[in-house]
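Values in this text are rule-based calculations from the coordinates and carry no lab data. Predicted model, so just to flag it, every value in this text is computed and none were measured. Cβ: placed from backbone, ideal geometry, glycine included. Neighbour counts: every protein chain shown.
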Amino acid sequence: MAASPVNQTSLHHFRSNSFPTRAHPLISEFDDQLCRLRCSEATTSSSASLSQKIIGLQDLNDCVDNLLLLPFAQALAQEQNHKWVNELLDGSLRLLDVCGIARDALLQTKECTHELQSTLRRRHGSKMELTGEGEKYLASRKVVKKAMQKALKGLKTDSNSKKNKDLAIVSLLKELEAVTILVFESLLTFIAGQKSQSKSSSWYVVSKLVQPKRIECEGEETDANEFEKVDAALQTLISHKTSKSDYSIHIQNVQNQMGKLESSIQDVEDVLECLSRRLVKIRVSFLNIHNH
């Protein structure tokens, strides 16, 4: 899914009279980190690149948390600026909600993966049993995809909020919110899998799973992420109607792909938990300013 359009000119607004005459090093650090995060949006949506984006967002939140301690940021505490603080509080709550939705989806998928892996490891399990567990996993994935699409729609709405050009710290905090939305769009899209694929692309994913050695030797790659690969492998396994030996190959393919998916989920879960703590910390800072 394409990322929501974000105003790219607000960095120029940061140099208003609301900031010190000489830019504070933290402001320059914020600009640099923001630029790196935006550039990272062009990278692929693998679990590794996604984890790096989330780590970059953690660093950006740490930078902003320090910026909020500086004298110029205390303008937010003035009564006439409480409307902006309220808006920032609303935005931070929405982002925490989305973060929670993503974490729940990862946990649900991990639990279903463990159950299916357990069934697959029992090699004596009947094809009917494997098919039933596979269909249960795919049904769970359907629920997760629906939740991710709903959350994505909400993020697109939130990204259209207006920015304040008079108070520079608000513009900076809105930039933080906007880039967080971009990273969360990448996260939700990653969990949901690509929205649509052409027939040839879908068949290529399946062919890579069934004949991994041949395709790897050709040096070809697919844009499918770990979630999509498991979905495709399972659908192939469930619909398989040939010899027992070929069926065993499909089971091995599913096991391999699920092992990679479990590892990816764990990696993303770890960095997402750290980001969640940062988001809570920023929200507490907003609350402290509001109650000042």
Expected vector for segment 167-173, Karplus 3J(HN,Hα) from phi with 6.51, -1.76, 1.60 and θ = phi - 60°, integer Hz, x for Gly and Pro, equals 9, 4, 5, 5, 4, 5, 5
With DSSP loop assignment and no more than 15 other C-beta atoms within 10 Å, the trypsin sites (Lys or Arg not before Pro) in segment 56-125 are ARG122, ARG123
Give the order of HIS250, HIS82 when sorted by the count of other beta carbons within 10 angstrom, beginning with the fewest. HIS82, HIS250
Give, in nm to one decimal, the length gained when the segment between ASP97 and LYS146 is fully stretched (0.36 nm per residue of separation minus the Cα-Cα distance). 16.0 nm
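Most exposed first by the Cβ proxy, i.e. fewest other Cβ within 10 Å, how do ILE54, ILE249 rank?
Working: ILE54 24, ILE249 16.
The fewest-first ordering by Cβ neighbours comes to ILE249, ILE54.
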Quick calc, THR131 & ASN256: beta-carbon distance into FRET formula, R0 25 Å, rounding 0.05, result 0.85
Test of understanding: what is the full-extension gain from VAL284 to ASN66, defined as 0.36 nm times their sequence separation minus their Cα-Cα distance? 77.2 nm
Label-point separation (nm) for LYS153 and GLU273, each offset 7 Å from Cα along Cα-to-Cβ? 3.3 nm
Identify the residues of segment 249-292 with backbone N under 12 Å of a label point that sits 7 angstrom from the Cα of ALA77 along the Cα-to-Cβ direction, or state none. 288-292
Tabulate in residue order the Karplus-calculated ³J(HN,Hα) for segment 175-187, using 6.51 cos²θ - 1.76 cosθ + 1.60 with θ = phi - 60°, rounded to whole Hz; enter x for Gly and Pro. 5, 4, 5, 5, 6, 5, 4, 4, 5, 5, 4, 4, 5
Going by how many other Cβ atoms sit within 10 Å of their own, how do LEU26, LEU234 line up, fewest first? LEU26, LEU234
